[in-house]
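Engineer: Could you have a look at this structure, given as structure tokens, before my questions?
The values are calculated or read from the model by the stated rules, or taken from the named source; none is laboratory data. Keep in mind that what you see is a predicted model, and the values were worked out from it rather than measured. Because the Cβ atoms are built from the backbone with ideal geometry, glycine has one as well, and the counts that use them run over all protein chains shown. Areas reflect the complete protein model, heavy atoms only, side chains present, ligands, DNA and RNA absent. Shrake-Rupley method; radii C 1.70, N 1.55, O 1.52, S 1.80 Å.
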Amino acid sequence: MVSHLRIEPRWPDRPSYLEGFERARRSFEPRSTLCIDLAPSEEAILAQMRPKGRYNIGVARRHGVKIVEDPSPEGVDDVLAIYCDTLERKEDMEAQASDYFRQLVPVLARAGRGSLYFAEYAGTRLATALVVTFGRRATYFYGGSVAEHRNVMAPYLLHFEVLRAAKAQVLSWYDLWGVSPQGKDDHAWANISAFKRKFGGQELGLVPTLDYVYDRDAYEAYTTGEQDD
């Protein structure tokens with residue numbers, strides 16, 4: 001039984017030829033995102049950031065924060081530890097199961113389509129980013145940070161070095177994958193969005209998740225189950 005077809009395209013506007021689709025009751029992909037153009041020079045990319053973003057990158061450098069890439073099984077263990085620590089502090093975040101990361105990271109690494117990055121300070125991994133590459137785009141998919149040593153601003157240098165790595169691969173965009181709509185201070189993503197916006201970039205509002213329904217009764221049963229989850 002096929003209840004519906006779901007699409008989440010990267011379209012800023014719904015094309016006129018698209019007929020029969022309705023807005024889904026739930027989105028699994030962010031429909032507002034923030035992308036940094038990697039074509040300008042590194043100095044120009046820094047210049048378009050907000051002053052606090054540039055300053056915090058400098059703070060992390062002065063503290064000697066180091067950025068490492070590690071998609072090994074040990075790296076997956078570390079990303080899970082940091083991810084779970086983040087979830088404990090941010091109860092409104094939806095969690096992925098640990099097996100999701102254990103299966104995804106090796107597949108990405110073998111295909112050359114993604115990796116894990118960490119910010120280290122005083123022998124401790126403080127922040128992490130799971131980055132996926134596709135086409136001309138690198139996307140920050142999942143990540144987090146621990147509460148310790150927040151004064152060294154490790155996440156800022158982490159994302160700047162990921163950005164630099166993507167630029168070195170001659171990619172066109174670093175997608176920070178999901179921000180709250182402008183002016184929505186009560187949005188669940190408001191705090192993480194304030195962090196991401198310090199890197200500057202271009203905000204992109206995408207069309208909502210769309211469903212084409214084949215079997216209305218089956219669709220109602222499926223979407224009720226989604227809402228229960």
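Engineer: Taking only pairs six or more apart or across chains, which ones have beta-carbon atoms under 9 Å, a first residue in the stretch 199-210 that is closer than 22 Å to residue 55 by Cβ and of a type in the set (Gly, Ala, Ser), and a second residue that is in a strand (DSSP E or B) and open to solvent by 50 Å² or more (accessible area, probe 1.4 Å)?
Structural biologist: 201/37; 201/173
Engineer: Can you name the number of the only condition in (1) open to solvent by 20 Å² or more (accessible area, probe 1.4 Å); (2) under 16 Å from residue 163 (Cβ atoms); (3) in contact with a helix residue (DSSP H, G or I) (Cβ under 7 Å, 6 or more places away or on another chain); (4) not aromatic (Phe, Trp, Tyr) that residue 115 fails?
Structural biologist: (1)
Engineer: Related question: State which residue pairs qualify: first residue more than 12 Å from residue 210 (Cα to Cα) and among the hydrophobic types (A, V, I, L, M, F, W, C) and inside the stretch 2-20, second residue open to solvent by 80 Å² or more (accessible area, probe 1.4 Å) and in a loop (DSSP other than H, G, I, E, B) in any location, beta carbons under 8 Å apart, and separation of 6 or more residues or different chains.
Structural biologist: Going by the 8 Å Cβ cut-off, the qualifying pairs are 2/214.
Engineer: Tally time: how many residues in the stretch 173-186 are in a loop (DSSP other than H, G, I, E, B), open to solvent by 10 Å² or more (accessible area, probe 1.4 Å) and of a type outside the set (S, T, N, Q)? Can you show your working first?
Structural biologist: At the first step, the residues of the stretch 173-186 found to be in a loop (DSSP other than H, G, I, E, B) are 176-186.
When the remaining residues are screened for being open to solvent by 10 Å² or more (accessible area, probe 1.4 Å), the result is 177, 181-186.
If we keep only those that are of a type outside the set (S, T, N, Q) as well, we get 177, 181, 183-186.
Selection size over the stretch 173-186: 6.
Engineer: Of the residues 170, 162, 213, 152, only one is at pLDDT 95 or above, among the aliphatic types (A, V, I, L, M) and open to solvent by 60 Å² or more (accessible area, probe 1.4 Å); which?
Structural biologist: Details: 162 fails: open to solvent by 60 Å² or more (accessible area, probe 1.4 Å); 213 fails: open to solvent by 60 Å² or more (accessible area, probe 1.4 Å); 152 fails: open to solvent by 60 Å² or more (accessible area, probe 1.4 Å).
So the residue among 170, 162, 213, 152 that is at pLDDT 95 or above, among the aliphatic types (A, V, I, L, M) and open to solvent by 60 Å² or more (accessible area, probe 1.4 Å) is 170.
Engineer: Taking only the stretch 115-142 into account, find how many residues are under 13 Å from the mean Cα position of the chain (by Cα) and either at positive phi or among the β-branched types (Val, Ile, Thr) (or both).
Structural biologist: So the count comes out to 5.
Engineer: Something else about it: State yes or no: is residue 131 in contact with a His (Cβ under 6 Å, 6 or more places away or on another chain) and surrounded by 15 or more Cβ atoms within 10 Å (Cβ to Cβ)?
Structural biologist: Details: in contact with a His (Cβ under 6 Å, 6 or more places away or on another chain): no; surrounded by 15 or more Cβ atoms within 10 Å (Cβ to Cβ): yes.
Considered against the rule, which asks whether it is in contact with a His (Cβ under 6 Å, 6 or more places away or on another chain) and surrounded by 15 or more Cβ atoms within 10 Å (Cβ to Cβ), residue 131 comes out as no.
Engineer: Which of (1) part of a loop (DSSP other than H, G, I, E, B); (2) open to solvent by 20 Å² or more (accessible area, probe 1.4 Å); (3) in contact with a helix residue (DSSP H, G or I) (Cβ under 9 Å, 6 or more places away or on another chain) does residue 140 not meet, given it meets every other one?
Structural biologist: (1)
Engineer: Could you list, in sequence order, the residues of the stretch 14-67 that are surrounded by fewer than 14 Cβ atoms within 10 Å (Cβ to Cβ), hydrophobic (A, V, I, L, M, F, W, C) and either part of a loop (DSSP other than H, G, I, E, B) or within 22 Å of the chain's Cα centre (by Cα) (or both)?
Structural biologist: Within the stretch 14-67, 18, 28, 39 meet the criteria.
Engineer: Quick one: residue 85 ticks every box in (1) part of a helix (DSSP H, G or I); (2) open to solvent by 70 Å² or more (accessible area, probe 1.4 Å); (3) not hydroxyl-bearing (Ser, Thr, Tyr) except a single one, so which number is it?
Structural biologist: (2)
Engineer: Which is without any contact (Cβ under 8 Å) to a residue 40 or more places away in the chain, of a type in the set (Val, Ile, Thr) and under 26 Å from residue 26 (Cα atoms), of 139, 86? Steps first, please.
Structural biologist: Numbers: 86 fails: without any contact (Cβ under 8 Å) to a residue 40 or more places away in the chain.
Every option except 139 fails the conditions.
Engineer: If I filter the stretch 187-207 for residues that are in a strand (DSSP E or B), more than 20 Å from residue 57 (Cα to Cα) and open to solvent by less than 50 Å² (accessible area, probe 1.4 Å), do I get at least one hit?
Structural biologist: Scanning the stretch 187-207, I find at least one residue that is in a strand (DSSP E or B), more than 20 Å from residue 57 (Cα to Cα) and open to solvent by less than 50 Å² (accessible area, probe 1.4 Å), so the answer is yes.
Engineer: Right, next: How many of the residues making up the stretch 166-191 are among the aliphatic types (A, V, I, L, M) and touching a residue at least 40 places away in the same chain (Cβ under 8 Å)? Step through it out loud before you land on a result.
Structural biologist: Looking only at the stretch 166-191, we keep the residues that are among the aliphatic types (A, V, I, L, M), and these are 166, 168, 170-171, 176, 179, 188, 190.
Add one more test, that the residue is touching a residue at least 40 places away in the same chain (Cβ under 8 Å), and what stays is 166, 171, 176, 179, 188.
Here the count works out to 5.
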